[in-house]
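Working notes, beginning with the structure itself.
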Amino acid sequence: MKLSDVQKRLQAPFPAHMVAWKPAAYSRDRSRALMLAHIDARAVQDRLDAICPDAWSFEIEVVPGTRQPTVKGRLTVLGVTREDIGEAPEGDLGTLKAASSDALKRCAVHFGIGRYLYDLPKTWADWDDAKRAPTQTPELPDWARPDHERTPGGAHLMQAMEQLRYELPEDLDLQREVYKHLKAALGSLHPAPPQPTPQHPGRAA
């Protein structure tokens, strides 16, 4: 088995309940926060264990002389190695363990694990500063969910959008076909409201 054989499985979106959100910035009155989606290191480990349980390893090297605990991580998957730096957050969570988890997640992104989360649009949410949490958890867009969590037209829409990523077909009939698929998929995502039953002339409503 080669890395290219499992690339799509590594890159697949995680179930929504495994994606957490953390604030990256606040409005001046701290009533709203810019939320960033992320996964934890355990989710990365579970993904690797599910796909290549005996063919991955992770090593760290402590980086000396830094203000916060910092490590260089080295993740090897099916013989391919990727490296990145992991830093611990400020405060009580600033430990080497936290830095190692950060390094694992950053290395995993080089293999496509969780990389799609970087493509999410900016998400601002109402923020409860007393609870240090959003008043409502942000929703992931349909394309950032596994197939089984997408709305009925989600997979159909993704297929059509994937085709458009490369180029719009030059053939007019093919363009119409792509448009038809997009229209059908969008229609299933946002069904049209029911139309009122027409009344016959002269009959009371």
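Checked against the criterion of being touching a residue at least 60 places away in the same chain (Cβ under 8 Å), touching a strand residue (DSSP E or B) at 6+ places or on another chain (Cβ under 9 Å) and buried (at least 18 other Cβ atoms within 10 Å of the Cβ), the candidates Phe111, Phe58 yield just one match: Phe111. The number of residues in the stretch 114-142 being in a strand (DSSP E or B) and open to solvent by 50 Å² or more (accessible area, probe 1.4 Å) comes to 2. Kindly establish whether Thr76 is closer than 30 Å to Ser4 by Cβ and either part of a strand (DSSP E or B) or of a type outside the set (Lys, Arg) (or both). Yes; evaluated as a whole, the condition is true for this residue. Each residue in the stretch 50-63 was checked for being assigned to a loop (DSSP other than H, G, I, E, B) and closer than 17 Å to Thr81 by Cβ, and 3 pass. For the stretch 82-92, the set of residues classified as part of a strand (DSSP E or B) and either open to solvent by less than 60 Å² (accessible area, probe 1.4 Å) or in contact (Cβ under 8 Å) with a residue 60 or more places away in the chain (or both) consists of Asp84, Gly86, listed by residue number. The set of residues from the stretch 9-33 being assigned to a loop (DSSP other than H, G, I, E, B) and in contact with a strand residue (DSSP E or B) (Cβ under 9 Å, 6 or more places away or on another chain) comprises Val19, Ser27, Arg30, Ser31. Do we have any residue at all in the stretch 34-49 that's in a loop (DSSP other than H, G, I, E, B) and over 19 Å from Ser101 (Cα atoms)? No, every residue in the stretch 34-49 fails to be in a loop (DSSP other than H, G, I, E, B) and over 19 Å from Ser101 (Cα atoms).
The values are calculated or read from the model by the stated rules, or taken from the named source; none is laboratory data. What you are looking at is a predicted structure, and each value in this text was computed from that prediction instead of being measured. Cβ coordinates were reconstructed from backbone atoms using ideal geometry, including for glycine residues, and neighbour counts include every protein chain displayed. The accessibility values were calculated without ligands, DNA or RNA, using every heavy atom of the protein model including side chains. Shrake-Rupley method; radii C 1.70, N 1.55, O 1.52, S 1.80 Å.
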